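Below: the structure, in structure tokens.
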Amino acid sequence: MNGRNNYLRHLLLVLFLAYIQVAVAQTGQTNAELAQQYFSTGDYEKAVVYLEKYYDQDPFSAYPSYLRTLIALKDFDKAEKLTKRHVKKFPADFNVRTDVGMILELKGEKEKAAKSYNELIKSLGPDVNQVNMLGNAFMQKQLYDYALKTYLQGRKLMNGTYPFGFELAEVYENQGNSAEMINEYLDMINFQSGYISNVQTILQNKLSNELSGNFADLLRTSLLRRIQKYPDEIEYSELLYWYFLQEKDFESAFTQARGIDKRLTESGDRVIALGKLCVTNEDYITAEKCFQYVVDKGPSFPLYITARIELINAVNEKVTSAGTYTISDLLKLEMDYEKTLKELGRNAATASLIRGYAHLEAFYLGKSDNAIDLLNETIKIPQLSPDFKAECKLELADIYVFTGEVWEAALLYGQVDKDFKNDALGREAKFRNARLSYYLGEFPWAREQLKVLKAATSQLISNDAISLELLIMDNTNLDTTTTALLIFSRAELLAFQNQDSLALLTLDSLLEEFPSHMLTDEVWYKKGLIYSKNGKFETALTFYKDILDKYPADILADDALFRMGDIYENKLKNKDKAKELYEQLITQFPGSLYVVDARKRFRVLRGEKLN
């Protein structure tokens, strides 16, 4: 009987203890919920009651809200006691330990606060993590002077094993001291050359997001001083070369690349790569200097043939893109091709030169038959890569479009599409075939091909493909007739065939027959392109301006704005007007694909000293 009673008493005790635990848990949950409810609504008088209870149950979770509530109530004495109490619970937490000084400052006890902060700094040992924890605690409280002291003390304690350069640079940036920030980043390269890519990434972000020009000037000056101070440290020369590329100061980049090439006895590939970049950015003069530098090394140099090919291609781009070339300019260029091919021979190494020659013959000198023969011969060259053969087929197909042999063109596009179905070349071939269908007025078929192109790849297709599909969709879904689009596509084909006068007449007829049609802005944009291509830049500007004035929210507005900026910058040499237009694009069209390029151009034009 006694055993039974003992068992019952034991069972009741267990149930009672379980009840107590549940009750405590429920009470704790209630305190936390009520504390959060009142705290989130700013009712600090009520919140503090529950936060005090919540802190007793879960000090780690309750502390931040509890401290902020006490500060909001200006109960600094109680806040000070809380921070000191919390330090005892979590002595390794530097955020909490800096809270002590923060409360003293709020109480007006500046000297005590300073003493508290300085004692924390003095307590540091030679431990990178410990220094970073205290430095971060000061940074979070925007106590930048003490963060600076912390990292400088850490640098001293680590005695050369780690200088806290990245951390100090962030402190200096927050203090507005860009010069010291740059010095710290550059010192990190001196400390360990492997940090150069990290530094480049950081500096690139700062250059991209800064418009005043001050930071870029400081960086350039700092790099030049470093090169003078540490002439044997090649990393600073590399970084200055990189800087000139960011600023699109290709002339200075060439000088720097040439110096590095000679100093390191390089193969010339850096200078060749720079020349290609110059061509992409239409700086043909600097491009020619780059390629000529490698050519001047002599025929025995490994990259001699490459440099010769790139040089003549650069000259080709300079002549044909100017819009003001004469027939004598073209004939001289033709002679340069023939002379170079005679010297280097017709083989796999010079295949790209032959392709460029064929393009000149067909599209500029009216010698399509010769161009077709050149490309057919090139495709048969042994040891030519399948990719390059496909590129030659695409060029050949374009020439057939140019001469009106559209079925031959479609056949070649189809071959490349089939042979490179899951490759970029295949997608390009499919797009060109769709564009050909569009030129011929076969809009449903063209759009179907573009849909397949979009669905067949997870990669982004070209903006031209997307724009073409939108153009067809907008002008076939809503209209009962496609006559206007037929006229427009005919004009685009004529422009492709360099029959610019007929293309302009066709576009004018569209405007006359369909005034205020939704294609009007497309017509103006196309006319702008044609006039610009023929060197009539002032006329081109009038059409781009019409788009901005009458269709400011249209999809072509940012395109027109960028092309206007490019004309003023590179053709009319009106730098101030170009800068104004680029700035307008940056501010009014922040999502435009042109923004990155426009920002870089703007920064170059704003008056930085780049030399």
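The values are calculated or read from the model by the stated rules, or taken from the named source; none is laboratory data. Please read all numbers here as calculations on a predicted model, not as lab measurements. In this analysis, Cβ positions are derived from the backbone assuming ideal geometry, glycine residues included, and neighbour counts consider all displayed protein chains. Just the protein is used for accessible areas: all its heavy atoms, side chains included, with ligands, DNA and RNA removed. Shrake-Rupley method; radii C 1.70, N 1.55, O 1.52, S 1.80 Å.
Structure summary
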read-out: Ranked order, 74, 577, 89 - accessible area, probe 1.4 Å, largest first; value: 74, 89, 577
read-out: Degrees, to the nearest 10: 178-191 long Cα axis against longest axis of the chain; value: 90
read-out: Chain lengthening between residue 217 and residue 56 when straightened (0.36 nm per residue, less Cα-Cα); value: 52.4 nm
read-out: Nearest 10 degrees, 0 to 90: helix 386-403 Cα axis against the chain principal axis; value: 50
read-out: Amide H within-cut-off set for residue 367, under 5 Å, with H built and near neighbours excluded; value: 362
read-out: Cleavage-rule hits (trypsin sites (Lys or Arg not before Pro)) in the stretch 345-410: DSSP loop, at most 12 neighbouring Cβ within 10 angstrom; value: 380
read-out: Nearest 10 degrees, 0 to 90: helix 304-321 Cα axis against the chain principal axis; value: 80
read-out: Principal semi-axes in Å for the chain [√(5λ), Cα gyration tensor, largest first]; value: 65, 36, 26
read-out: Residue 202 accessible area, 1.4 Å probe, all protein chains in place, Å² to nearest 10; value: 50
read-out: Solvent-accessible surface (1.4 angstrom probe) belonging to residue 514, in square angstrom, nearest 10; value: 40
read-out: Estimated 222 nm signal from helices in the chain, with DSSP H stretches of n ≥ 4 weighted -39500 (n - 2.57), rounded to 500; value: -25000 deg cm²/dmol
read-out: Residue-wise HN-Hα coupling along the stretch 154-170, computed from phi with Karplus coefficients 6.51, -1.76, 1.60 (Hz; x: Gly, Pro); value: x, 4, 5, 5, 6, 6, x, 7, 7, x, 6, x, 5, 5, 5, 4, 5
read-out: The stretch 388-459, accessible area per residue, ligands and nucleic acids excluded (1.4 Å, Å²); value: 47
read-out: Global geometry of the stretch 211-327, whether rounded, prolate or oblate, following the gyration tensor of its Cα atoms and the 1.5 cut on a/c; value: oblate
read-out: Accessible surface, 1.4 Å probe, highest first, among residues 110, 418; value: 418, 110
read-out: Point-to-point label distance, residue 570-residue 30, nm (Cα→Cβ direction, 7 Å offset); value: 7.4
read-out: Charge sum, other residues only, whose C-beta stays under 13 Å from residue 590's C-beta, Lys/Arg counted +1 and Asp/Glu -1; value: -1
read-out: Cα gyration tensor, the stretch 106-204 - rounded (a/c under 1.5), prolate or oblate; value: oblate
read-out: Label point 7 Å beyond Cα of residue 376 along Cβ direction - residues of the stretch 402-438 with amide nitrogen under 20 Å; value: 402-416
read-out: Charge-dipole axis of the stretch 245-286 as Lys and Arg at +1 and Asp and Glu at -1 on Cβ define it, positive-most pick from 264, 246, 285; value: 264
